[in-house]
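Heads up, the thing below is written out as C-alpha coordinates.
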Amino acid sequence: MGNLVLAGRERTLEKIKKNRMARINRIEHIVGGGDSKRGFRVMRSILSELAKEGFTSSAIGKIIGKERQVIRGWYKRYKVRPVEYQGFKAALLEVCFDKKRVDVKFGRYLKINNKFYRVYYTYPTELFSYVIGLILGDGHVDKRKIYVVGGKPYKFLDAIYPKIVEFGKYLGNRTVKVRYYDIEDNEVSRGNKGAKYWRIYIYWSALANMFRDRHVLKEILDAVWSKSNLLNAFSAGLLDTDGYFVFRNKKPERIGIDQKADKLWFPLFVDRLGKVYLVRMTRRAREYRIEHRRKVYRGVSIANNLRVMMSSWSPFVDKVVLPYCNKPIHLERATIFKEHSLRMKRRWRYI
(Lines give C-alpha, C1' and ligand atoms only; values in the text may rest on other atoms or scores of the structure.)
Protein backbone atom coordinates (compact mmCIF):
# COMPACT_ATOMS: atom_id res chain seq x y z
CA MET A 1 0.00 0.00 0.00
CA GLY A 2 2.84 2.39 0.93
CA ASN A 3 4.50 1.90 -2.46
CA LEU A 4 1.20 2.63 -4.23
CA VAL A 5 0.78 5.85 -2.26
CA LEU A 6 4.37 6.79 -3.05
CA ALA A 7 3.90 6.08 -6.74
CA GLY A 8 0.74 8.20 -6.77
CA ARG A 9 2.53 11.11 -5.15
CA GLU A 10 5.46 10.85 -7.53
CA ARG A 11 3.12 10.89 -10.52
CA THR A 12 1.35 13.95 -9.14
CA LEU A 13 4.65 15.76 -8.54
CA GLU A 14 5.66 14.94 -12.11
CA LYS A 15 2.38 16.47 -13.38
CA ILE A 16 3.06 19.62 -11.35
CA LYS A 17 6.60 19.81 -12.73
CA LYS A 18 5.43 19.43 -16.33
CA ASN A 19 2.90 22.24 -15.81
CA ARG A 20 5.08 24.43 -13.61
CA MET A 21 4.54 27.48 -15.83
CA ALA A 22 0.76 27.30 -15.29
CA ARG A 23 -1.05 29.31 -12.64
CA ILE A 24 -1.97 27.50 -9.44
CA ASN A 25 -5.68 27.31 -10.37
CA ARG A 26 -4.77 25.48 -13.57
CA ILE A 27 -2.41 23.12 -11.69
CA GLU A 28 -5.21 22.22 -9.27
CA HIS A 29 -7.51 21.49 -12.23
CA ILE A 30 -4.89 19.18 -13.74
CA VAL A 31 -3.94 17.20 -10.62
CA GLY A 32 -7.63 16.90 -9.72
CA GLY A 33 -8.42 15.22 -13.01
CA GLY A 34 -10.63 18.12 -14.07
CA ASP A 35 -12.03 18.70 -10.56
CA SER A 36 -10.44 21.84 -9.08
CA LYS A 37 -11.81 21.20 -5.58
CA ARG A 38 -10.29 17.75 -5.57
CA GLY A 39 -7.05 19.22 -6.94
CA PHE A 40 -7.00 21.73 -4.07
CA ARG A 41 -7.20 18.87 -1.55
CA VAL A 42 -4.49 16.89 -3.39
CA MET A 43 -2.11 19.86 -3.44
CA ARG A 44 -2.70 20.59 0.25
CA SER A 45 -2.12 16.93 1.16
CA ILE A 46 1.12 16.63 -0.83
CA LEU A 47 2.53 19.93 0.44
CA SER A 48 1.67 18.94 4.01
CA GLU A 49 3.35 15.53 3.61
CA LEU A 50 6.55 17.03 2.20
CA ALA A 51 6.73 19.60 4.99
CA LYS A 52 6.22 16.94 7.67
CA GLU A 53 9.01 14.86 6.11
CA GLY A 54 11.39 17.80 6.48
CA PHE A 55 11.55 19.16 2.94
CA THR A 56 12.19 22.90 2.94
CA SER A 57 10.59 25.38 0.54
CA SER A 58 13.82 25.40 -1.42
CA ALA A 59 13.92 21.58 -1.69
CA ILE A 60 10.27 21.35 -2.77
CA GLY A 61 10.94 24.07 -5.34
CA LYS A 62 13.81 22.02 -6.78
CA ILE A 63 11.61 18.92 -6.96
CA ILE A 64 8.91 20.59 -9.07
CA GLY A 65 10.92 23.36 -10.73
CA LYS A 66 9.50 26.37 -8.86
CA GLU A 67 11.17 29.21 -6.96
CA ARG A 68 11.25 29.06 -3.18
CA GLN A 69 9.06 32.16 -2.90
CA VAL A 70 6.30 30.48 -4.94
CA ILE A 71 6.28 27.51 -2.58
CA ARG A 72 5.99 29.78 0.43
CA GLY A 73 2.96 31.38 -1.24
CA TRP A 74 1.46 27.93 -1.62
CA TYR A 75 1.95 27.29 2.10
CA LYS A 76 -0.30 30.28 2.80
CA ARG A 77 -2.87 29.23 0.20
CA TYR A 78 -3.25 25.75 1.69
CA LYS A 79 -2.68 26.82 5.30
CA VAL A 80 0.22 24.39 5.69
CA ARG A 81 2.89 25.06 8.28
CA PRO A 82 6.31 25.15 6.57
CA VAL A 83 9.53 23.74 7.98
CA GLU A 84 10.97 26.35 10.32
CA TYR A 85 14.17 27.67 8.75
CA GLN A 86 17.18 27.50 11.08
CA GLY A 87 19.81 28.82 8.66
CA PHE A 88 22.16 26.90 6.37
CA LYS A 89 23.04 23.53 7.89
CA ALA A 90 25.58 20.81 7.20
CA ALA A 91 24.54 17.94 4.97
CA LEU A 92 24.30 14.40 6.35
CA LEU A 93 23.70 11.01 4.73
CA GLU A 94 21.55 8.38 6.45
CA VAL A 95 20.48 4.92 5.29
CA CYS A 96 17.02 3.39 5.36
CA PHE A 97 15.33 0.22 4.14
CA ASP A 98 12.12 2.15 3.40
CA LYS A 99 12.48 3.00 -0.29
CA LYS A 100 9.84 5.74 -0.17
CA ARG A 101 12.20 7.77 2.03
CA VAL A 102 15.22 7.45 -0.29
CA ASP A 103 16.44 10.87 -1.41
CA VAL A 104 19.96 11.72 -2.57
CA LYS A 105 19.07 14.87 -4.52
CA PHE A 106 17.10 17.35 -2.44
CA GLY A 107 17.66 16.76 1.28
CA ARG A 108 15.35 17.16 4.26
CA TYR A 109 15.68 19.64 7.09
CA LEU A 110 15.77 17.44 10.20
CA LYS A 111 17.05 17.46 13.76
CA ILE A 112 19.37 14.58 14.65
CA ASN A 113 21.11 14.28 18.03
CA ASN A 114 19.97 17.82 18.88
CA LYS A 115 21.50 19.21 15.71
CA PHE A 116 19.83 20.33 12.48
CA TYR A 117 21.08 18.87 9.19
CA ARG A 118 20.11 18.74 5.55
CA VAL A 119 19.53 14.99 5.60
CA TYR A 120 19.72 12.68 2.59
CA TYR A 121 18.68 9.02 2.58
CA THR A 122 20.03 6.09 0.59
CA TYR A 123 19.09 2.44 0.40
CA PRO A 124 22.14 0.36 1.46
CA THR A 125 23.25 -1.97 -1.33
CA GLU A 126 26.12 -4.45 -1.47
CA LEU A 127 28.21 -1.88 -3.35
CA PHE A 128 27.44 0.76 -0.71
CA SER A 129 28.43 -1.67 2.07
CA TYR A 130 31.66 -2.66 0.32
CA VAL A 131 32.77 0.96 -0.16
CA ILE A 132 31.91 1.82 3.46
CA GLY A 133 34.22 -1.04 4.47
CA LEU A 134 36.96 0.34 2.20
CA ILE A 135 36.64 3.82 3.70
CA LEU A 136 36.71 2.59 7.31
CA GLY A 137 39.68 0.39 6.48
CA ASP A 138 41.92 2.86 4.70
CA GLY A 139 39.97 6.08 4.20
CA HIS A 140 40.52 9.63 5.36
CA VAL A 141 37.65 12.04 6.02
CA ASP A 142 37.37 15.81 6.27
CA LYS A 143 34.37 18.16 6.15
CA ARG A 144 33.71 17.95 2.41
CA LYS A 145 35.47 14.91 0.97
CA ILE A 146 36.80 11.42 1.58
CA TYR A 147 39.71 9.64 0.01
CA VAL A 148 40.91 6.04 -0.09
CA VAL A 149 44.66 5.58 -0.48
CA GLY A 150 46.89 2.85 -1.89
CA GLY A 151 50.20 2.20 -3.62
CA LYS A 152 51.71 0.37 -6.55
CA PRO A 153 51.05 -1.78 -8.46
CA TYR A 154 47.79 -0.32 -9.77
CA LYS A 155 45.84 -3.58 -10.08
CA PHE A 156 43.78 -2.92 -6.95
CA LEU A 157 43.19 0.70 -7.97
CA ASP A 158 42.00 -0.35 -11.41
CA ALA A 159 39.66 -2.90 -9.83
CA ILE A 160 37.97 -0.57 -7.32
CA TYR A 161 37.96 2.78 -9.15
CA PRO A 162 35.05 1.86 -11.49
CA LYS A 163 33.11 0.59 -8.47
CA ILE A 164 33.65 3.82 -6.54
CA VAL A 165 32.57 5.82 -9.62
CA GLU A 166 29.40 3.69 -9.68
CA PHE A 167 29.03 4.33 -5.93
CA GLY A 168 29.22 8.09 -6.58
CA LYS A 169 26.54 7.87 -9.26
CA TYR A 170 24.31 5.85 -6.93
CA LEU A 171 24.55 8.63 -4.36
CA GLY A 172 23.36 11.27 -6.82
CA ASN A 173 26.21 11.67 -9.33
CA ARG A 174 28.83 12.73 -6.78
CA THR A 175 32.26 13.68 -8.06
CA VAL A 176 34.91 10.94 -7.88
CA LYS A 177 38.52 11.55 -8.94
CA VAL A 178 41.80 9.62 -8.76
CA ARG A 179 45.10 11.43 -8.21
CA TYR A 180 48.72 10.24 -8.04
CA TYR A 181 51.53 11.51 -5.78
CA ASP A 182 55.28 11.17 -5.40
CA ILE A 183 57.21 10.57 -2.17
CA GLU A 184 57.10 14.30 -1.37
CA ASP A 185 53.29 14.36 -1.71
CA ASN A 186 53.45 16.30 -4.97
CA GLU A 187 50.72 15.46 -7.47
CA VAL A 188 52.09 13.74 -10.57
CA SER A 189 50.71 11.84 -13.55
CA ARG A 190 49.98 8.12 -13.39
CA GLY A 191 52.87 7.33 -15.74
CA ASN A 192 55.41 9.40 -13.83
CA LYS A 193 58.32 7.25 -12.62
CA GLY A 194 58.24 9.07 -9.29
CA ALA A 195 54.61 8.17 -8.57
CA LYS A 196 54.46 6.25 -5.28
CA TYR A 197 50.83 6.20 -4.24
CA TRP A 198 47.30 7.13 -5.32
CA ARG A 199 44.15 8.50 -3.76
CA ILE A 200 40.55 8.11 -4.89
CA TYR A 201 38.57 11.17 -3.79
CA ILE A 202 34.80 11.18 -3.20
CA TYR A 203 33.41 14.70 -2.94
CA TRP A 204 30.22 14.98 -0.90
CA SER A 205 29.97 16.58 2.53
CA ALA A 206 26.87 14.52 3.45
CA LEU A 207 28.87 11.31 3.09
CA ALA A 208 31.83 12.78 4.98
CA ASN A 209 29.62 13.91 7.87
CA MET A 210 28.13 10.43 8.06
CA PHE A 211 31.55 9.19 9.19
CA ARG A 212 32.27 12.21 11.41
CA ASP A 213 29.22 11.73 13.64
CA ARG A 214 29.81 8.59 15.73
CA HIS A 215 26.12 8.18 16.61
CA VAL A 216 25.07 8.32 12.96
CA LEU A 217 27.94 6.01 11.96
CA LYS A 218 26.81 3.43 14.52
CA GLU A 219 23.27 3.55 13.08
CA ILE A 220 24.66 3.11 9.56
CA LEU A 221 26.80 0.13 10.59
CA ASP A 222 23.95 -1.49 12.54
CA ALA A 223 21.81 -1.28 9.39
CA VAL A 224 24.54 -2.66 7.13
CA TRP A 225 25.42 -5.47 9.53
CA SER A 226 21.76 -6.45 9.97
CA LYS A 227 21.65 -8.25 6.60
CA SER A 228 24.01 -11.11 5.81
CA ASN A 229 24.82 -10.06 2.22
CA LEU A 230 25.58 -6.49 3.31
CA LEU A 231 27.70 -7.73 6.22
CA ASN A 232 29.71 -9.90 3.82
CA ALA A 233 30.20 -7.05 1.35
CA PHE A 234 31.31 -4.71 4.16
CA SER A 235 33.73 -7.36 5.44
CA ALA A 236 35.23 -7.67 1.96
CA GLY A 237 35.85 -3.92 1.79
CA LEU A 238 37.57 -4.00 5.16
CA LEU A 239 39.57 -7.09 4.19
CA ASP A 240 40.70 -5.48 0.91
CA THR A 241 42.24 -2.54 2.78
CA ASP A 242 43.33 -3.80 6.22
CA GLY A 243 43.21 -7.57 5.82
CA TYR A 244 45.71 -10.25 4.84
CA PHE A 245 46.24 -13.90 3.96
CA VAL A 246 49.47 -15.14 5.59
CA PHE A 247 51.57 -18.16 4.62
CA ARG A 248 53.98 -19.83 7.02
CA ASN A 249 56.51 -22.33 5.75
CA LYS A 250 54.70 -22.11 2.40
CA LYS A 251 51.43 -23.25 3.98
CA PRO A 252 48.28 -21.15 4.65
CA GLU A 253 48.50 -19.96 8.24
CA ARG A 254 46.17 -17.00 8.94
CA ILE A 255 43.36 -14.81 7.58
CA GLY A 256 43.13 -11.61 9.57
CA ILE A 257 42.13 -7.95 9.74
CA ASP A 258 43.80 -5.31 11.92
CA GLN A 259 42.40 -2.02 13.20
CA LYS A 260 43.75 0.54 15.64
CA ALA A 261 42.51 0.02 19.18
CA ASP A 262 40.80 3.42 19.23
CA LYS A 263 38.32 2.35 16.52
CA LEU A 264 35.35 1.71 18.80
CA TRP A 265 33.22 0.21 16.03
CA PHE A 266 35.68 -2.63 15.35
CA PRO A 267 34.94 -4.82 18.41
CA LEU A 268 31.23 -4.45 17.59
CA PHE A 269 31.95 -5.63 14.05
CA VAL A 270 33.89 -8.63 15.38
CA ASP A 271 30.97 -9.55 17.63
CA ARG A 272 28.54 -9.35 14.70
CA LEU A 273 30.82 -11.33 12.37
CA GLY A 274 31.24 -13.92 15.11
CA LYS A 275 27.56 -14.80 14.79
CA VAL A 276 28.23 -16.08 11.27
CA TYR A 277 31.87 -17.23 11.27
CA LEU A 278 34.24 -18.53 13.92
CA VAL A 279 36.51 -15.56 14.68
CA ARG A 280 38.72 -14.38 17.54
CA MET A 281 39.99 -10.96 18.48
CA THR A 282 43.26 -10.23 20.24
CA ARG A 283 45.13 -7.04 20.99
CA ARG A 284 48.79 -6.50 20.19
CA ALA A 285 51.37 -3.73 20.43
CA ARG A 286 54.10 -3.16 17.86
CA GLU A 287 56.94 -0.71 17.61
CA TYR A 288 57.10 1.23 14.35
CA ARG A 289 59.61 3.37 12.53
CA ILE A 290 58.51 5.47 9.55
CA GLU A 291 60.63 7.71 7.36
CA HIS A 292 58.75 10.44 5.53
CA ARG A 293 60.05 13.65 4.00
CA ARG A 294 63.46 13.03 5.59
CA LYS A 295 61.92 12.76 9.03
CA VAL A 296 61.82 9.64 11.19
CA TYR A 297 58.77 8.83 13.27
CA ARG A 298 58.93 6.19 16.01
CA GLY A 299 56.39 4.88 18.44
CA VAL A 300 54.20 1.98 19.51
CA SER A 301 50.95 1.14 17.78
CA ILE A 302 48.24 -0.78 19.59
CA ALA A 303 45.82 -2.68 17.38
CA ASN A 304 42.94 -5.10 17.62
CA ASN A 305 43.42 -8.16 15.48
CA LEU A 306 40.54 -10.20 14.07
CA ARG A 307 41.46 -13.74 13.09
CA VAL A 308 39.19 -15.97 11.04
CA MET A 309 39.61 -19.49 12.40
CA MET A 310 40.39 -22.30 9.95
CA SER A 311 37.02 -24.02 10.35
CA SER A 312 35.42 -20.88 8.85
CA TRP A 313 37.88 -20.35 6.01
CA SER A 314 35.74 -22.23 3.49
CA PRO A 315 32.44 -20.33 4.10
CA PHE A 316 34.34 -17.05 4.55
CA VAL A 317 36.00 -17.50 1.17
CA ASP A 318 32.75 -18.54 -0.51
CA LYS A 319 30.56 -15.81 0.98
CA VAL A 320 32.96 -12.89 1.47
CA VAL A 321 36.12 -13.12 -0.59
CA LEU A 322 35.05 -14.60 -3.92
CA PRO A 323 31.75 -12.67 -4.33
CA TYR A 324 32.89 -9.25 -3.09
CA CYS A 325 36.67 -8.81 -2.77
CA ASN A 326 38.58 -6.95 -5.49
CA LYS A 327 42.18 -7.15 -4.29
CA PRO A 328 44.01 -9.46 -6.73
CA ILE A 329 46.26 -11.08 -4.12
CA HIS A 330 43.26 -11.97 -1.95
CA LEU A 331 41.44 -13.54 -4.87
CA GLU A 332 44.59 -15.47 -5.79
CA ARG A 333 45.03 -16.88 -2.29
CA ALA A 334 41.40 -17.45 -1.30
CA THR A 335 40.90 -20.82 -3.01
CA ILE A 336 44.27 -22.07 -1.78
CA PHE A 337 43.26 -21.29 1.82
CA LYS A 338 39.84 -22.87 1.35
CA GLU A 339 41.26 -26.11 -0.05
CA HIS A 340 43.89 -26.28 2.69
CA SER A 341 41.27 -25.88 5.42
CA LEU A 342 39.17 -28.71 4.00
CA ARG A 343 42.20 -30.99 3.91
CA MET A 344 42.92 -30.10 7.54
CA LYS A 345 39.35 -30.69 8.72
CA ARG A 346 40.38 -33.31 11.27
CA ARG A 347 42.59 -30.78 13.04
CA TRP A 348 40.14 -27.87 13.20
CA ARG A 349 39.68 -28.20 16.96
CA TYR A 350 43.40 -27.54 17.47
CA ILE A 351 43.97 -24.63 15.04
Can you give me the number of residues within segment 117-161 that are assigned to a loop (DSSP other than H, G, I, E, B), touching a residue at least 40 places away in the same chain (Cβ under 8 Å) and over 17 Å from Tyr203 (Cα atoms)?
-> 4
Kindly indicate whether Leu342 is part of a helix (DSSP H, G or I) and at pLDDT below 95.
-> yes
Selection from segment 60-87 of residues in contact with a Gly (Cβ under 8 Å, 6 or more places away or on another chain), at pLDDT 85 or above and outside any loop (DSSP other than H, G, I, E, B) yields Val70, Ile71
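Provide a single number: the residues in segment 148-175 that are basic (Lys, Arg) and either more than 13 Å from the chain's Cα centre (by Cα) or under 18 Å from Gly194 (Cα atoms) (or both). Steps first, answer last, please.
Within segment 148-175, the subset basic (Lys, Arg) is 152, 155, 163, 169, 174.
If we keep only those that are either more than 13 Å from the chain's Cα centre (by Cα) or under 18 Å from Gly194 (Cα atoms) (or both) too, we end up with 152, 155.
Selection size over segment 148-175: 2.
Out of all the residues in segment 172-196, which are of a type in the set (Val, Ile, Thr) and assigned to a loop (DSSP other than H, G, I, E, B)? Even if it seems obvious, please write down each step before you answer.
If we filter segment 172-196 for residues that are of a type in the set (Val, Ile, Thr), which is where we start, we get 175-176, 178, 183, 188.
The answer is Ile183, and nothing else.
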Among the residues listed as Arg307, Arg347, the single one being farther than 30 Å from Ile183 by Cβ and at pLDDT below 95 = Arg347
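So which residues in segment 91-100 are at pLDDT 85 or above and surrounded by fewer than 17 Cβ atoms within 10 Å (Cβ to Cβ), if there are any at all?
Filtering segment 91-100 for residues at pLDDT 85 or above gives 91-98.
Cys96, Phe97, Asp98, listed by residue number.
Working carefully through the options Phe116, Phe156, Phe167, find the one that is farther than 17 Å from Asn326 by Cα, touching a Lys or Arg at 6+ places or on another chain (Cβ under 9 Å) and not assigned by TED's automatic domain parsing to the domain that holds Ala261.
Values: Phe156 fails: farther than 17 Å from Asn326 by Cα; Phe167 fails: farther than 17 Å from Asn326 by Cα.
None of the others qualify; the one that does is Phe116.
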Taking Lys169 as the residue in question, decide whether it is of a type outside the set (Asp, Glu), out of contact with any helix residue (DSSP H, G or I) (no Cβ under 9 Å at 6 or more places or on another chain), outside any helix (DSSP H, G or I) and at pLDDT 95 or above.
-> no
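Kindly indicate whether any position in segment 286-296 is over 20 Å from Ile329 (Cα atoms), at pLDDT 95 or above and among the charged types (D, E, K, R). Working first, answer last.
The first filter runs over segment 286-296 and keeps only residues over 20 Å from Ile329 (Cα atoms), leaving 286-296.
If we keep only those that are at pLDDT 95 or above too, we end up with none.
Checked segment 286-296: no residue is over 20 Å from Ile329 (Cα atoms), at pLDDT 95 or above and among the charged types (D, E, K, R).
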Members of segment 207-257 found to be among the aromatic types (Phe, Trp, Tyr) and more than 24 Å from Asn114 (Cα to Cα), listed by number | Trp225, Phe234, Tyr244, Phe245, Phe247
Test Ile46 against the stated conditions and say whether it is in contact (Cβ under 8 Å) with a residue 40 or more places away in the chain, over 18 Å from Leu110 (Cβ atoms) and crowded, with 18+ Cβ neighbours inside 10 Å.
-> no
Criterion violated by Asn232 - all others in (1) surrounded by fewer than 20 Cβ atoms within 10 Å (Cβ to Cβ); (2) modelled with pLDDT of 95 or more; (3) within 18 Å of Pro124 (Cβ to Cβ) satisfied | (1)
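The values are calculated or read from the model by the stated rules, or taken from the named source; none is laboratory data. Being a predicted model, the structure only gives us computed values, none of them experimental. With ideal geometry, Cβ positions are generated from the backbone for all residues, glycine too; neighbour counts draw on all protein chains shown.
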